[in-house]
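**Q** Could you have a look at this structure, given as structure tokens, before my questions?
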Amino acid sequence: MFKYVRRELILNKNLIIMFLVYVSVLWIWVSLQKIPPKMAIIIFSFIVPMLSLSQQAREDKFKAWISTCSLPTTRNTMVKARFFTLWIFTFTALFYAVVVSALIPGNQTMLAQLLTLKTLFLSLFFISLCFAFLLPFIIRFGIVGIMIFLVAAQVLGIVFLMLTRLTGRNENFLRSFINLIIDGIKYLFNHEGTLLFYITIILAAAALNLFSLKISQFLLARKDF
Amino acid sequence: MVQALEIKGLRKEYNGFFLKDISFSLPQGYVMGLIGPNGAGKTTIIKLILNLIKKKAGEIRVFGMDNLKQEIEMKSRIGFVHEVPSFYGYMKLERVKSIVSRFYPAWDDKLFSRLCGEFKLPLGKKISSLSRGMNTKFALALALSHDADLLLMDEPTSGLDPVFRRELMERLSEIIQDEQKAVLFSTHITSDLVRTADYITYIQGGEIIFSSTKDKVREDWAIVKGENELLTDEILPLFKGIRKSQYGFKALTSDIEKVRRQLSGQNLIVEKASLDEIMFFLSKGEINA
């Protein structure tokens, strides 16, 4: 697997450098705008998995799956390596974000808020959540699939909004769903950082990743190149 | 005799295409040409061997190893050259080499450097700057540098100039000299096979029409020329494809002796069929002319 991880890191070397520059700019902006660390973490959690999208865009562009799958390795190993590489990205980016925060003058308050065990755990949890959702989609349908998904989600949102207007009802499934997510995030941030809380977060993240990994392996195993 | 490649009852259905009960084998020390018109199923067979697409049924063994159960060991012994090599365009050749080489325990760096020199490959340049022919040469250098025992080549000559095509064919003949290696290459340029291939497998519409030694193909298949009046209902089934004109007919047969017997005493011309003629008549010749 590590040969494949090495391959992923070499292939994405320039992308990682670009990403780190982007994280610096984003973090400086977050500090200047005095954006609350909670919000910064949520933004950050959505951006890290985007690396995987860029990676997939390249696979699609160069039709590289054919040469990749002809190497002496299995598809299951490829998926494992992709998850592992994303976790390397995540930890690097998180560490880098902390370093950048520390270097920004007058940013000590934010750094203190960032460096709590709770914010770090929650960051990792949200990133896992995004990975778990995005990766099976990316692996099975490629970049086009993601585009279709985003467009479909947008259309669905518009349809729900129109229905809400037409029926004159404030409550609908989409709104309830979004409220549920917001309440869940609020609950996690407001919950006391007990040992049980951390263990639950770790277990939930591990379970999500494992589930997503198995789904991704199942989907890739059935894909024809 | 150890079989480098053994395929039994292979089936695949996708995008409206059917590969029907494909069976053939390639012994060590030989070159097999997989021929057939475009869309016949040549690339599908090669992709199935490499597990790039999933089979519906059948068995594929490479040096006795199941292509699914022993995938890593099997792929370690295969060198693959794709019709349109698909490497990351933004990477330099030497970078691609450094990634690929790690996957093969038998990788030979000196051999790779020598091949790059022979093929005049600019290692410091990006893949995107290479022509299609140079891309194929690079893929070939990668395939040969890990001492592959089975070379799978999908239309390797289609983007190459005649000089390199000839060089490639000569190199393939050299590769099998130690009688341990084998080469399977698909092509629709049949002239490539005349000098190099020992076995010919002809595929059309997802079905194998024949798979035998090149010599046997030359013995069995012939072009028969004669007057149109000779084409009676008893004779027609002996022909695999017929072209008729006002001057007479030209037909392909795989049973010369039977044709000679049934048309003895008639004014007939029987000539050995070239691979091009076989391909042409099988794909374009009318059968019930």
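**Q** Would you call B:SER131 among the small types (Gly, Ala, Ser) and open to solvent by 60 Å² or more (accessible area, probe 1.4 Å)?
**A** Yes: the conditions hold for B:SER131.
**Q** Would you check if A:ALA112 is out of contact with any Phe, Trp or Tyr (no Cβ under 6 Å at 6 or more places or on another chain), surrounded by fewer than 16 Cβ atoms within 10 Å (Cβ to Cβ) and at pLDDT below 75?
**A** Considered against the rule, which asks whether it is out of contact with any Phe, Trp or Tyr (no Cβ under 6 Å at 6 or more places or on another chain), surrounded by fewer than 16 Cβ atoms within 10 Å (Cβ to Cβ) and at pLDDT below 75, A:ALA112 comes out as yes.
**Q** When region A:124-153 is examined, which residues are found to be free of Cβ contacts under 8 Å to residues at least 24 places away in the same chain and among the aromatic types (Phe, Trp, Tyr)?
**A** Those that are free of Cβ contacts under 8 Å to residues at least 24 places away in the same chain and among the aromatic types (Phe, Trp, Tyr): A:PHE137, A:PHE141, A:PHE149.
**Q** If you don't mind, another one. Given (1) in contact (Cβ under 8 Å) with a residue 12 or more places away in the chain; (2) under 18 Å from B:ALA143 (Cβ atoms); (3) assigned to a helix (DSSP H, G or I), identify the lone condition not met by B:LEU34.
**A** (3)
Here's the yes/no breakdown for (1) more than 10 Å from chain A (Cβ to nearest Cβ); (2) closer than 19 Å to B:LEU152 by Cβ:
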| position | (1), (2) |
| --- | --- |
| B:MET74 | no, yes |
| B:GLY79 | no, yes |
| B:GLU94 | yes, no |
| B:ILE99 | no, no |
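**Q** List the helices (runs of 4 or more DSSP H) inside region A:7-109, counting only whole elements, that have at least 2 residues being at pLDDT below 80.
**A** Qualifying helices (runs of 4 or more DSSP H): A:13-32, A:37-47, A:50-62, A:75-103.
**Q** Scanning region B:1-19 for residues that are small (Gly, Ala, Ser) and surrounded by fewer than 17 Cβ atoms within 10 Å (Cβ to Cβ), which turns out farthest from B:ALA148 (Cα to Cα)?
**A** B:GLY16
**Q** Report yes if some residue within region A:162-172 is under 23 Å from the mean Cα position of the chain (by Cα) and open to solvent by less than 50 Å² (accessible area, probe 1.4 Å); otherwise report no. Before you say what the answer is, go through the steps one by one.
**A** To start, the set of residues in region A:162-172 that are under 23 Å from the mean Cα position of the chain (by Cα) comprises none.
Checked against the condition, which is being under 23 Å from the mean Cα position of the chain (by Cα) and open to solvent by less than 50 Å² (accessible area, probe 1.4 Å), region A:162-172 yields no hits at all.
**Q** Quick test of your reading of the structure: B:GLU170 fulfils all but one of (1) farther than 30 Å from B:VAL2 by Cβ; (2) surrounded by fewer than 19 Cβ atoms within 10 Å (Cβ to Cβ). Name the failing condition by number.
**A** (1)
**Q** Take region B:43-68 and flag every residue that is open to solvent by 10 Å² or more (accessible area, probe 1.4 Å) and under 15 Å from B:GLU83 (Cβ atoms).
**A** Those that are open to solvent by 10 Å² or more (accessible area, probe 1.4 Å) and under 15 Å from B:GLU83 (Cβ atoms): B:THR43, B:THR44, B:LYS47.
**Q** When you look at B:ILE46, is it at pLDDT 90 or above, outside any strand (DSSP E or B), within 11 Å of chain A (Cβ to nearest Cβ) and under 18 Å from the mean Cα position of the chain (by Cα), yes or no?
**A** yes
**Q** Continuing with this model, one more query. Right, B:SER191: among the hydroxyl-bearing types (Ser, Thr, Tyr) and at pLDDT below 85 or not?
**A** When the stated conditions are applied, B:SER191 passes them.
**Q** Looking only at region B:59-102, how many residues end up being in contact (Cβ under 8 Å) with a residue 24 or more places away in the chain and either assigned to a loop (DSSP other than H, G, I, E, B) or within 20 Å of the chain's Cα centre (by Cα) (or both)?
**A** Total meeting the criteria: 21.
The values are calculated or read from the model by the stated rules, or taken from the named source; none is laboratory data. Bear in mind that the values here come from a model prediction, so they are computed numbers and not experimental data. Glycine gets a Cβ as well: all are built from the backbone with ideal geometry, and neighbour counts include every protein chain shown. For accessibility, only protein heavy atoms count, side chains too; no ligands or nucleic acids. Shrake-Rupley method; radii C 1.70, N 1.55, O 1.52, S 1.80 Å.
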